[in-house]
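Q: Here you go, one structure.
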Amino acid sequence: MAVVSLQNLRYRNPRTVEEASAMVGYVQSLFNLWNVDALVAGFTPNCVIRFCDLPEFSGRELLRKLFISRSQHQKNYVHIKTFRSLMNDTISNTWESQWQDALTGQTMTGFGCEVWLLRNGKIAVWEGAFNASPVSWRAGADEF
């Protein structure tokens, strides 16, 4: 597989599966470090966010507040994104994460899916949903 330079994607959307997968991997790395500045920079200034049960909002400043809040509540965060599809200006991915809840100390795990509508190499619309549960609950999930 050829190495994909993210530098080439600074001002344009991914055009190939390899480029889209590299973008998803890059975003994964930013979440694992909770690099809020770089995460926010990957969105357009007027981005639209539709995330879980939060009311829809737009703009980088509110997005920054969301990422800061999450980073403060999710300690020892490990995030694995899996590229799923690229169609024109849209990327989809799924992800799994594990973290320690900062308030309870409980180890948590989550699964989510995202759809990114891109403009000039940045996320213009982020639609995402996820479910989180304590690891101890997940261990019994095979009883269903």
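Q: Filter the stretch 114-135 down to residues that are under 18 Å from G42 (Cα atoms) and in a strand (DSSP E or B), then give me how many there are.
A: Counting residues in the stretch 114-135 that are under 18 Å from G42 (Cα atoms) and in a strand (DSSP E or B) gives 13.
Q: How many residues are modelled with pLDDT of 95 or more and either surrounded by 15 or more Cβ atoms within 10 Å (Cβ to Cβ) or under 16 Å from S71 (Cα atoms) (or both) when one looks only at the stretch 120-144?
A: So the answer is 8.
Q: So which residues in the stretch 53-88 are under 17 Å from L103 (Cα atoms) and either among the β-branched types (V, I, T) or in contact with a His (Cβ under 6 Å, 6 or more places away or on another chain) (or both), if there are any at all?
A: Scanning the stretch 53-88 gives a single hit, I68.
Q: Let me ask another. Tell me which strands (runs of 3 or more DSSP E) are completely within the stretch 1-106 and hold 3 or more residues being more than 16 Å from G121 (Cα to Cα) and either open to solvent by 60 Å² or more (accessible area, probe 1.4 Å) or out of contact with any Ser or Thr (no Cβ under 9 Å at 6 or more places or on another chain) (or both), or say none if there are none. Working first, answer last.
A: On the way: elements: 43-51, 74-87, 90-101.
Counting at least 3 such residues, we get 74-87, 90-101.
Q: Does T107 satisfy being more than 18 Å from N13 (Cβ to Cβ) and touching a helix residue (DSSP H, G or I) at 6+ places or on another chain (Cβ under 7 Å)?
A: Working: more than 18 Å from N13 (Cβ to Cβ): yes; touching a helix residue (DSSP H, G or I) at 6+ places or on another chain (Cβ under 7 Å): yes.
Yes; evaluated as a whole, the condition is true for this residue.
The values are calculated or read from the model by the stated rules, or taken from the named source; none is laboratory data. A quick note: this is a predicted structure, and the numbers were derived from the prediction, not measured. Backbone-built Cβ (ideal geometry, glycine too); neighbour counts: all protein chains shown. Heads up: the accessible areas ignore ligands, DNA and RNA and are worked out on the full protein's heavy atoms, side chains in. Shrake-Rupley method; radii C 1.70, N 1.55, O 1.52, S 1.80 Å.
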